[in-house]
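In what follows, a single structure is set out as structure tokens and then discussed.
The values are calculated or read from the model by the stated rules, or taken from the named source; none is laboratory data. Worth saying up front: this structure is predicted, and the values here are computed from it rather than measured. Methodologically, a virtual Cβ is constructed for each residue, glycine included, from the backbone with ideal geometry; neighbour enumeration extends over all protein chains shown.
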Amino acid sequence: MDIVEPIFFCAKLHPRRPAMMWIGGGVSYAHLTQTILAVARRLRDAGVTRSDIAAIDIKTAYHHSVVMLALMHLGVASASVDANTRDVAEAAGVSVTIADQAVPRGRARHIAIAESWFEANENAKPLDDTGFNNDESLFAIKFTSGTTGRPLAMRVNFGETWLWLHENRFFNMTGRTLSMFGLSSGIGSHALLTTLSRGGTFCLAGTSQEAFDTIQLCGVETLLASTMQLRRIAERAREANEPLHSVKTALVGGASVSTSLVQLAQRYVCSDLHVHYASAQAGFVAIAPAAMLEGRPGATGFVMPDVEIESVDENGALLPRGEMGELRIRTERTKARQTLSENAQALGFREGWFYPGDIGRVDADGMLILAGRKSEIVNIGGEKIAPDLVDEVLAGQPGVRDAAAFGIRNAQGDEELWAAIVTDAPPDIPALIAVCRQALGAGAPSVILRAQAIPRNAAGKILRAQLSREIEEMARKSR
């Protein structure tokens, strides 16, 4: 059961078609297939077997993608890791790390790649005994968002991945696709596999500026991005007065989508904008065209047919449909993943349901409405404030490249709402606070700080707990 076999078949049908593209480079399907086979052989020669779980710690996106596909070809489970997830991956059973650094990181056996690994060989012969043994074989280790603290590892089997690859019914990734979601995220690796399995071209870009340039140079037709990534790409297009006419459809998620962002994106990126709600534990849950969310704050899409969503009160009692409460989700995927997970409760699984930690409701027409994450709601004198509303106001201000609000305890132990912003030039803090007060009233932050960067995970979600810890540490040192 070789999940990359469709990619090899595309190479037979369209050997010269671009398979992957990036600024300054690209490879055809024939070249990609030859490189996957070459890397797979090197990994097998290095002693990597199906009994291993391999961590991929490679920064160059193309090399990372090829190693991931080579491991899939060999039937070896993998985990794409970074500084936040290396230790988590090792604790989850990683036995070998494949890295582009010569100095080993962690306790697992270390294999250092070299540039010569990625030299295609036209005479490369297929390997014997490839692919995963059966549907129950461990396919990958994915990580939760880390928005509530430390990321957690989650096991994914081959059968589930195969179904996910072929069940994309509501958003079609065709042509040249650019995904801003990292390969360590479920949606990022899914976009890579889906695009290449269907004979499309997968484009690579890291920053929003790279994405803007890549869309123009490569003629990207499908864009996947978080709300902040989409906003930055649209702002680049507005600043350059160059609407991105090649983009035919875009999928955005990771946070609530405001009317201002929808209008900006539809004018400068594409008119066919879709909003989705998803998680590592439950997969895709809700989706809708952005135009259908207008006038419905917090709307994230219609709940999909095979998904059950309920809201419960603080005691876990079921609330009537349409009432705001803590959400719980049940699908065939959540049932399977609860069974696979050794730390099911920590991952949010309880009695067949997945609790994502979000506050929300489902309206009569099936629209999912979010009010914010339960752990991120800030209680100011009894008034509960969702920080993502502050994010949106600040991110829309001139000169603000990124923004995140968060709760922090003052010296008296009371909770306060603060915000961090990333700007190129020194910001006018009093003016920004005034804008927030006008838009949000009591929901405005009392303090706004300038930061070098806002910590985000591979899916673009803000790591508020990490940001709060970093700010508290800075405050402690300054005192």
**Complete:** (1) of a type outside the set (A, V, I, L, M, F, W, C); (2) at pLDDT below 90; (3) over 24 Å from Phe181 (Cα atoms) all hold for Ser468 apart from (3)
**Message:** Can you confirm whether Ala120 is within 27 Å of Thr214 (Cα to Cα), surrounded by fewer than 22 Cβ atoms within 10 Å (Cβ to Cβ), at pLDDT below 85 and in the same structural domain as Arg44 (by TED's automatic domain parsing)?
**Reply:** yes
**Request:** Tell me, please, whether a residue that is touching a Ser or Thr at 6+ places or on another chain (Cβ under 7 Å), part of a helix (DSSP H, G or I) and farther than 26 Å from Asp45 by Cβ can be found in the range 110-124.
**Result:** no
**Message:** Quick check on the range 218-245: of everything there that is of a type outside the set (A, V, I, L, M, F, W, C) and in contact (Cβ under 8 Å) with a residue 40 or more places away in the chain, which residue is farthest from Ile187 (Cα to Cα)?
**Reply:** Gly219
**Item:** Subset of the range 362-379 that is β-branched (Val, Ile, Thr) and either in contact with a Pro (Cβ under 9 Å, 6 or more places away or on another chain) or surrounded by 22 or more Cβ atoms within 10 Å (Cβ to Cβ) (or both) - its residue that is nearest to Ile433 (Cα to Cα)
**Value:** Val378
**Message:** Show me the strands (runs of 3 or more DSSP E) entirely contained within the range 1-99 in which 2 or more residues are more than 16 Å from Phe202 (Cβ to Cβ) and touching a helix residue (DSSP H, G or I) at 6+ places or on another chain (Cβ under 6 Å).
**Reply:** 53-57, 77-80
**Complete:** Selection over the range 229-249 where residues are part of a helix (DSSP H, G or I) and under 18 Å from Met180 (Cα atoms) yields a count of 9
**Request:** Sort out for me the strands (runs of 3 or more DSSP E) sitting completely within the range 380-479 that have 1 or more residues that are buried (at least 22 other Cβ atoms within 10 Å of the Cβ) and under 24 Å from the mean Cα position of the chain (by Cα).
**Result:** 400-409, 415-423
